[in-house]
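Here is the structure we will look at, set down as structure tokens.
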Amino acid sequence: MPVTVTRTTITTTTSSSGLGSSTIVGSPRALTQPLGLLRLLQLLSTCVAFSLVASVGAWVGPMGNWSMFTWCFCFAMTLIILIVEVGGLQLRFPLSWRNFPITYACYAALFCLSASIIYPTTYVQFLSHGRVRDHAIAATAFSCIACVAYATEVAWTRARPGEITGYMATVPGLLKVLETFVACIIFAFLSNPYLYQRHPALEWCVAVYAICFILAAVAILLNLGDCTNMLPIPFPSFLSGLALLSVLLYATALVLWPLYQFDERHGGYPQRSRDSGCSSRHPSNVCSWDRRLAVAILTAINLLAYLADLVYSARLVFVRV
């Protein structure tokens with residue numbers, strides 16, 4: 001069931017009957033429009049990035065593999081989007097075309113941003129000077145270009161006053177992309193169960209991250225599939241309840257995680273020097289104390305994202321169309 005998200009200054013819809021943009025579709029002319037040219041830049045920069053790395057085998061370890069996966073995945077998905085638009089296949093696409101491109105662009109911007117930071121800091125700086133290092137540095141530069149290109153697409157296609165577009169183009173929709181992405185980074189830092197299995201309060205924090213991630217992912221999938229009418233409660237109520245619940249849960253995690261990880265009275269380590277694993281500087285190695293600190297920072301970031309989500313969601317009024 002399509003819905004329209006309205007307020008005095010913004011109108012959006014989750015139906016997939018159109019693109020909600022001025023890009024010419026179903027013709028090669030789509031590639032000559034500003035958005036088409038931007039996507040060609042995305043395609044070129046990601047292709048060059050993984051080609052430079054692949055040509056010299058400069059991706060070793062989990063961080064290198066993540067960066068390589070990011071560039072290859074973004075290249076492939078951008079190519080699919082271009083093919084759909086040039087061929088005018090939006091109505092045959094299995095997902096809502098009003099919601100999918102901007103959702104993907106937001107994820108791609110975050111993916112390329114993470115690769116642009118992780119790859120040089122955990123891999124490139126440890127390479128000796130030479131051809132391999134030069135290729136890796138160039139790949140990092142093209143990764144940054146791709147990140148800017150995807151972020152520009154998000155800025156161009158997000159919902160504006162009076163426009164008709166998909167829910168995922170609104171601020172709450174884009175925040176849900178950020179929330180799920182940050183949660184995935186948290187899970188990556190929590191890959192060692194030792195970090196949270198020593199106390200029930202820390203296990204509760206991990207449960208909070210998982211519950212909020214699942215709920216936000218469900219909201220995204222419902223919009224991408226135009227299935228918002230499948231919920232037993234109205235979709236606006238689901239979004240508001242989701243944001244409020246996530247704020248409350250993350251607030252508890254923001255208190256409990258640092259308390260039990262860095263307070264000596266609860267078995268924590270207040271100083272990095274007390275973690276013997278942090279004394280060695282090795283590529284792709286993140287010691288336990290750094291992981292704990294990263295999770296604490298990411299928890300605060302996601303709490304702020306959910307707070308903003310709650311505020312913006314409360315300002316939207318949904319009506320049936």
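The values are calculated or read from the model by the stated rules, or taken from the named source; none is laboratory data. Small disclaimer: the values here were computed from a predicted structure and weren't measured. Heads up, the Cβs are rebuilt from the backbone with ideal geometry, glycines too, and the neighbour counts pull from every protein chain shown. These accessible areas exclude ligands, DNA and RNA; they are computed on the full protein's heavy atoms, side chains included. Shrake-Rupley method; radii C 1.70, N 1.55, O 1.52, S 1.80 Å.
Quick look at the numbers
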{"read-out": "Additional length obtainable on full extension of the chain from ILE80 to ALA141, 0.36 nm per residue less Cα span", "value": "19.6 nm"}
{"read-out": "Length gained when the stretch ILE117-LEU293 is fully extended (0.36 nm per residue, less Cα-Cα span)", "value": "61.6 nm"}
{"read-out": "Under the Karplus curve 6.51 cos²θ - 1.76 cosθ + 1.60, θ = phi - 60°, whole-Hz ³J(HN,Hα) for the range 33-39, x wherever Gly or Pro sits", "value": "7, x, 5, x, 5, 5, 5"}
{"read-out": "Approximate spin-label separation SER55-LEU91, in nm, with each point projected 7 Å along Cα-to-Cβ", "value": "4.4"}
{"read-out": "Residue-span extension gain [ALA210 to VAL311] - 0.36 nm each, minus C-alpha spacing", "value": "34.1 nm"}
{"read-out": "With every protein chain in place, the range 192-256: carbon and sulfur % of accessible area (1.4 Å)", "value": "77"}
{"read-out": "Among 42-48, 247-253, the order from most to least packed when residues are scored by Cβ within 10 Å on average", "value": "42-48, 247-253"}
{"read-out": "Table column - 3J(HN,Hα) (Hz), the range 298-305, Karplus curve with 6.51, -1.76, 1.60, x for Gly and Pro", "value": "5, 4, 5, 4, 5, 4, 5, 5"}
{"read-out": "Magnitude of the charge dipole, the range 118-224, Cβ model with Lys/Arg +1 and Asp/Glu -1, debye to 20", "value": "140"}
{"read-out": "For ALA159, distant residues with modelled amide H under 5 Å away", "value": "THR170"}
{"read-out": "Part-to-part distance (alpha-carbon centres) for the range 75-93 and the range 199-271, which is given in Å", "value": "34"}
{"read-out": "Local electrostatic count, VAL247, Cβ distance below 15 Å [Lys/Arg +1, Asp/Glu -1]", "value": "-1"}
{"read-out": "Stokes-Einstein D (µm²/s) once Rh is taken as the Kirkwood radius of the range 80-131 over alpha-carbon pairs, at 37 °C in 0.692 mPa s", "value": "240"}
{"read-out": "Relative contact order %, the range 76-223, counting alpha carbon pairs below 8 Å whose residues are six or more apart", "value": "26"}
{"read-out": "Residues ARG160 and LEU40, FRET efficiency given R0 of 25 Å [Cβ-Cβ distance, rounded to 0.05]", "value": "0.55"}
{"read-out": "For the range 114-125, Karplus couplings with θ = phi - 60° (6.51, -1.76, 1.60), whole Hz, Gly/Pro x", "value": "5, 5, 5, 9, 5, 4, x, 7, 10, 9, 4, 5"}
